[in-house]
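Asks: Handing you a structure now.
The values are calculated or read from the model by the stated rules, or taken from the named source; none is laboratory data. This structure is a prediction, so every number in the text was calculated from the model and none was measured. Neighbour counts are summed over all protein chains in view; Cβ atoms, including those assigned to glycine, are modelled from backbone coordinates with ideal geometry.
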Amino acid sequence: MTKENVIIIGAGIGGLACGALLAQAGHKVLILEKNSYIGGACSSYEKNGYLFDRAVHIFSSGLNGQYGVVFKRLGLDYLQLREHVNEITAMKIYKQEGYVQYDFNVNTALKSIQASAQKKGGSGAGGGSGKGMMDSLKGLGFTKNTVKELTVVMSNIMGMTKKKLRELYEEGITVTQWLNKYTEDPAIHGFIAFATAAMFCIGNGKASAAEFIHCFKGEMMTEEGMHYPISGAAQHIPDAMARGFKHYGGEIRTNTPVKSIVIKGNKVQGVMVGDELIEAPIVVSNLSIKWSVLNLIGRDYFEKSYIDKIESLTPSLSSITFKLALKKPLVEHWGFVNCYHKTLHDFADRYPPEKGYPFSNGFFGPILSNLDPKTAPPGCQNAIFGTLVPSKGPDWKKWTDVYWEDLKTFFPDLEKNLDFVDISYPKDISASTGKPEGPVEGLALTPSQTGKNKPSSIIPGIEGLYVVGDTAGKNAHGIGTQEACHSGVMCADAILGNITFDKI
Ligand SMILES: Cc1cc2nc3c(=O)[nH]c(=O)nc-3n(C[C@H](O)[C@H](O)[C@H](O)COP(=O)(O)OP(=O)(O)OC[C@H]3O[C@@H](n4cnc5c(N)ncnc54)[C@H](O)[C@@H]3O)c2cc1C
């Protein structure tokens, strides 16, 4: 038996952020990680000279968001991110007669929308010149009226005040319900559905309108745009956090799966690793709250109503990801979005598809070697394309074949230039996170699972026990890693007494 001050189970973004802040504040913190690597979903691996991300990541907010909070407080500049990633992004949209490609500069679009919002005071009474993105939309077949209505919607999103946003959280409606207040045009619902799916990996019919607007306005459409590590791919983010954690004396043990959390009376006593009890008065689990409560702790410790709530939690969709090792560059942009105009209107609301076969709808693709040339051998290209799938697929081979044909539609020279492709499935995401469904977001960001409705990081009735990451933390906001990081920061603050427990 050994004794520690704080044990954190799992070295995902939430666990590392929480651990780094606790270590900096003087706690003796031990992180136990089941995998041989750290970072969970936000990690990378090497193969034949390529450095691939395990998932498919572009990072909202960057140091302006929760990562910035962590590194500012640590007083360390270990995290190096490239800003404005969305400035060199292309959108290729498949129509019946082939595809059309747009260079898509989110910042230009942002400026035109902001100008439009200011002109109309966010009231949305129409128009705005809407250059940039609006012009591109006309090219997609949007009518003049559709563009006008979309400008109204965008103006209301970008012009929304904090007070109105708080009221929208209270209202608890979905993106579809909110959009219907302005327009029922399927093209607009489709356009927003693509953004909802890219950020939350669920459809408009399920996603929280308030959280969508919070993230779209505050994290996606910002002056600095999207971010990606300058070197080291996605793995750089957990590595930088782990460096900060170790700088303040923290210890990480990899290849160390925790079997259970031990409770004595109404207090946490520690964790079991194999047959060994490691004692600590504070335990923070970075596993999903569902797995933590039902499997690591056990239902007997809780009221039925709490177990019912935990069992009812649902994750987002999962993903199939194509990691393309290309003998020569096929894409000149930093990021690529491929979608199918024909079917865009119900993006992500139709899983699982009624007829059991995959539904072509779109890919999101960071082109890693354009962002960081060291992620591919000289002259080659490293491109990752991901698309959404349900967590349990009937026949992954069939699904993969359909998606592969889709990718070839967009890039006819793909096979000619292919060195090799690694395809990852929900089970691979599950292996890197311990979340059984292999979701993109551990909790689907629906009205009943966001804001104050999100499960608390505090495990009720057991002193010293917490959960962090993208499945827990009342009022932890943001997309994926930022949300997980926010949860870690707030939990550390509550443990340190900087904020009251009711906040998390
Ligand atoms: C395909 C895909 C695309 C994504 N795209 C983006 C994106 O573009 N931008 C973005 O910001 N986010 C994105 N995300 C989401 C983001 O990666 C996650 O929300 C975030 O990384 C989750 O962090 P977490 O703290 O919840 O920990 P997780 O990543 O879930 O890590 C949990 C850790 O706990 C460990 N663990 C599990 N069980 C045990 C055990 N018994 N003992 C010890 N350790 C254990 C795991 O091995 C893992 O290291 C994406 C995710 C996926 C899968």
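Asks: Please verify whether residue 14 is under 21 Å from residue 284 (Cα atoms), near the ligand (Cβ under 6 Å from one of its atoms) and not in a loop (DSSP other than H, G, I, E, B), treating the condition exactly as stated.
Replies: yes
Asks: Name the single residue that is surrounded by the most Cβ atoms within 10 Å (Cβ to Cβ) among those in the range 437-461 being out of contact with any Ser or Thr (no Cβ under 7 Å at 6 or more places or on another chain) and closer than 19 Å to residue 497 by Cβ.
Replies: Applying the filter and picking the extreme gives 459.
Asks: Show me the strands (runs of 3 or more DSSP E) entirely contained within the range 227-310 in which 2 or more residues are within 16 Å of the ligand (Cβ to nearest atom) and within 27 Å of residue 461 (Cβ to Cβ).
Replies: Hits in the range 227-310: 260-264, 267-273, 276-279, 282-285.
Asks: If you don't mind, there's one more thing I want to ask. As an exercise: evaluate residue 35 against (1) surrounded by fewer than 24 Cβ atoms within 10 Å (Cβ to Cβ); (2) more than 8 Å from the ligand (Cβ to nearest atom) and give the number of the one condition it does not meet.
Replies: (2)
Asks: Pairs, please: C-beta under 6 Å, at least 6 apart or cross-chain, first residue farther than 18 Å from residue 473 by Cα and in the range 288-302, second in a helix (DSSP H, G or I) and modelled with pLDDT of 95 or more?
Replies: 299/307
Residues checked against (1) surrounded by fewer than 18 Cβ atoms within 10 Å (Cβ to Cβ); (2) farther than 29 Å from residue 328 by Cβ; (3) within 14 Å of the ligand (Cβ to nearest atom):
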{"residue": "371", "(1), (2), (3)": "no, no, yes"}
{"residue": "380", "(1), (2), (3)": "no, no, no"}
{"residue": "385", "(1), (2), (3)": "no, no, yes"}
{"residue": "395", "(1), (2), (3)": "yes, yes, no"}
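Asks: When residue 162 is evaluated against the numbered criteria (1) surrounded by fewer than 18 Cβ atoms within 10 Å (Cβ to Cβ); (2) in contact (Cβ under 8 Å) with a residue 24 or more places away in the chain, which criterion, by number, is the only one it fails?
Replies: Just one mismatch for residue 162, condition (2).
Asks: Just checking, does the range 406-424 include any residue being within 11 Å of the ligand (Cβ to nearest atom) and modelled with pLDDT of 95 or more?
Replies: yes
Asks: Shifting gears a bit: Residue under question is residue 461, and the condition is that it be among the small types (Gly, Ala, Ser) and either more than 14 Å from the ligand (Cβ to nearest atom) or farther than 26 Å from residue 72 by Cβ (or both); does it hold?
Replies: Yes: the conditions hold for residue 461.
Asks: Hey, another quick one. Could you list, in sequence order, the residues of the range 478-495 that are farther than 20 Å from residue 11 by Cβ and either within 12 Å of the ligand (Cβ to nearest atom) or assigned by TED's automatic domain parsing to the domain that holds residue 199 (or both)?
Replies: Hit for the range 478-495 is 479, nothing else.
Asks: Now, a different point. Scan 435, 503 and give me the residue that is basic (Lys, Arg) and within 9 Å of the ligand (Cβ to nearest atom).
Replies: 435
Asks: Out of the range 47-64, which residues are within 13 Å of the ligand (Cβ to nearest atom) and of a type in the set (S, T, N, Q)?
Replies: 60, 61
Asks: Another question about this same structure. Taking the range 459-486, which residues are in contact with an Asp or Glu (Cβ under 7 Å, 6 or more places away or on another chain) and either among the β-branched types (Val, Ile, Thr) or part of a helix (DSSP H, G or I) (or both)?
Replies: Matches in the range 459-486: 479, 480, 482, 483, 484.
Asks: List the pairs whose first member sits in the range 59-88 and is free of Cβ contacts under 8 Å to residues at least 12 places away in the same chain, whose second member is part of a strand (DSSP E or B) and surrounded by 17 or more Cβ atoms within 10 Å (Cβ to Cβ), and whose Cβ atoms are under 6 Å apart, counting only residues at least 6 apart or on separate chains?
Replies: Sorted first by the residue in the range 59-88, then by its partner, the list stays empty.
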